[in-house]
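Step one of this worksheet: look at the structure below.
The values are calculated or read from the model by the stated rules, or taken from the named source; none is laboratory data. Computed from a predicted structure; not experimentally measured. Backbone-built Cβ (ideal geometry, glycine too); neighbour counts: all protein chains shown.
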Amino acid sequence: MKLHYGRMLNDKLDGQHGLPRHRLQELAQRFPAVAAEVDTRRGQGEYGFYGLGRQTEVIRGIRRFADGVGQAYDHVLVLGIGGSALGTKALLNALRPPAWNELSDEGREFFPRLTILENVDPTSMAAALRRIDPRRVLVNVISKSGGTAETLAQYLVVRAWLDQALGPDAAARHLAFTTDPAKGPLRELSQKEGIAALEIPPEVGGRFSVLTPVGLLPAALVGIDIEALVAGAATALETAGRPDLLRNPAALYSALLWAADTSQGARVHVLMPYSDRLRDFSAWFVQLWAESLGKRLDRRGQPIYAGPTPLGAVGATDQHSQVQLFMEGPFDKVVTFVRISDPGEDVRIPHRPDLPEELAYLQGHSLGELLAAEADATSAALARMGRMNATLELPRLDAETMGHLIMFMQLATGFAGVWYGVDPFDQPGVELGKRLTFAAMGRPGYQREGPVAPEAGQPADVA
């Protein structure tokens, strides 16, 4: 995997916008202190995802489950939200054929269909339960804490559906929990009812957990090579140990985006893969970058209100919806393109007689050629307009490369936490919303923290 970053620099743009080239040397001189802080915090128990490049026993356990119990089902239903769902969606989208659930058994090589319910929208839930056969489904309930309100609500609905169709004893055999190894409601239920349960490492936060059993179990069940995923992650981890910033792509990427934000006002970070297969990867990145870096307080507890705003886009589709803004709007964005050198499959554009000139030029080319040309042209056009952009070039999109790409982004996030001076592993703003939700739903120990309706005599502010 290669990071092309020249168009982050003003001498490759319009000479007015972008980072001055001397900033590279300044960032490189500061990097040893950044790397040292990462090492120190790893020693204190943070950055637990660094351990995910070595998971021999975990993979063996998942393989035993997937090749044993997992073979009894033709549909996998994942219940989770945020980091418990987005990574799995990204893996399925990237590494299984498009429209996976619509393929025949032969088209799926007899691996199960996979449905991911990541919200508590009743319409989505009801529709899923109508189309899935409870006799043939394995339900994977994922929550690190075991107490996520949305996921537990999903579980209670699905458990009643299974109980009604199969009976309580048989229903338990259609369930697998992925949760904390020792505590939480899901762990308690698994021990009480004999429900299979996999462990999420306590030191790995939810949004960093796709390369744990959170993502590896569903991936293995649908035939994704999880050994290759972890091998790719190990390669990224090895590269991230380089002390030279300019030879450490994940660290350099984080430094450039931080510098663009804090010195150039580029506070919107767009990830724009030129592949439909990476559409859900962009959504995964948005959560990772936003929840890790958007903080009100710095590490010392001082107000900072830091954090870039991540945005997902897909080329060439969003050239026709967002690129006008990127091109001529405020100079407040960095666009990162993701390109795949060998897409693995291409479609030729056929010849037809007597075509108008406006169509005839496309003949003899391919869709892959057109997509690559659009990516090059968009990057060059942005640069000509003084807009910072970078490109991540992947040799191909397979399990090993995907594991590398996922770990690359997690490493960049970890480094960025040091550049910004924030804790990339907490989420106090999310926790406040959870507490208010618990109170609104009547969970014991939680009280409403303020009026939810206008006081008497005050306007309702409703249009």
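Taken over the stretch 76-131, residues that are touching a strand residue (DSSP E or B) at 6+ places or on another chain (Cβ under 6 Å) and not in a helix (DSSP H, G or I) amount to 12.
For beta carbons closer than 7 Å, sequence separation of 6+ or different chains, a first residue in the stretch 207-227 that is over 17 Å from Pro97 (Cβ atoms) and a second that is among the acidic types (Asp, Glu), the qualifying pairs are Arg207/Glu291; Pro213/Glu199.
Could you tell me whether any residue of the stretch 338-347 is among the β-branched types (Val, Ile, Thr) and over 18 Å from Met388 (Cβ atoms)? Yes, there is a match, as at least one residue in the stretch 338-347 is among the β-branched types (Val, Ile, Thr) and over 18 Å from Met388 (Cβ atoms).
Just to check your reading of the model, which residue among Gly403, Gly429, Gly421, Gly414 is over 24 Å from Asp318 (Cα atoms) and loosely packed, with under 14 Cβ neighbours inside 10 Å?
Residue meeting the stated conditions: Gly429.
Return a yes/no flag: does the stretch 12-32 have any residue that is among the polar types (S, T, N, Q) and under 30 Å from Val210 (Cα atoms). Taking every residue of the stretch 12-32 in turn, none turns out to be among the polar types (S, T, N, Q) and under 30 Å from Val210 (Cα atoms). When the stretch 249-294 is filtered for residues that are over 16 Å from Val338 (Cα atoms) and under 19 Å from the mean Cα position of the chain (by Cα), the ones remaining, listed by number, are Ala251, Val268, Gln287, Leu288, Trp289, Ala290, Glu291, Ser292, Leu293, Gly294.
Going by what's in this entry, would Ala375 be described as modelled with pLDDT of 95 or more, surrounded by 14 or more Cβ atoms within 10 Å (Cβ to Cβ), more than 30 Å from Ala233 (Cβ to Cβ) and more than 20 Å from the chain's Cα centre (by Cα)?
Taking the combined requirement at face value, the residue does not satisfy it.
Scanning the stretch 189-210 for residues that are under 13 Å from Thr179 (Cα atoms), in contact with a helix residue (DSSP H, G or I) (Cβ under 9 Å, 6 or more places away or on another chain) and not hydrophobic (A, V, I, L, M, F, W, C) yields a count of 7.
Filtering the stretch 197-249 to residues that are small (Gly, Ala, Ser) and assigned to a loop (DSSP other than H, G, I, E, B) leaves Gly205, Ser209, Gly223, Ala240, Gly241.
What about Ala72, is it among the hydrophobic types (A, V, I, L, M, F, W, C), at pLDDT below 95 and surrounded by fewer than 17 Cβ atoms within 10 Å (Cβ to Cβ)?
The answer is yes for Ala72.
Between Arg7, Arg64, the distinction of being without any contact (Cβ under 8 Å) to a residue 12 or more places away in the chain and either of a type in the set (D, E, K, R) or outside any helix (DSSP H, G or I) (or both) belongs to Arg64 only. The residues of the stretch 1-26 that are aliphatic (A, V, I, L, M) and within 27 Å of the chain's Cα centre (by Cα), listed by number, are Met1, Leu3, Met8.
Of all the numbered requirements in (1) surrounded by fewer than 21 Cβ atoms within 10 Å (Cβ to Cβ); (2) under 28 Å from Arg108 (Cα atoms), Val158 misses one, and that requirement is (1).
For the stretch 301-316, the tally of residues that are more than 20 Å from Ala266 (Cβ to Cβ) and touching a residue at least 40 places away in the same chain (Cβ under 8 Å) stands at 2. Elements of the type helices (runs of 4 or more DSSP H) sitting completely within the stretch 266-385 and holding at least 3 residues that are charged (D, E, K, R): these cover 279-293, 367-384.
For the stretch 307-321, the set of residues classified as over 21 Å from the mean Cα position of the chain (by Cα) and either under 20 Å from Val210 (Cβ atoms) or surrounded by 15 or more Cβ atoms within 10 Å (Cβ to Cβ) (or both) consists of Gln319 only. Being free of Cβ contacts under 8 Å to residues at least 12 places away in the same chain and outside the structural domain of Phe281 (by TED's automatic domain parsing): is that true of Ala127 here? Considered against the rule, which asks whether it is free of Cβ contacts under 8 Å to residues at least 12 places away in the same chain and outside the structural domain of Phe281 (by TED's automatic domain parsing), Ala127 comes out as yes.
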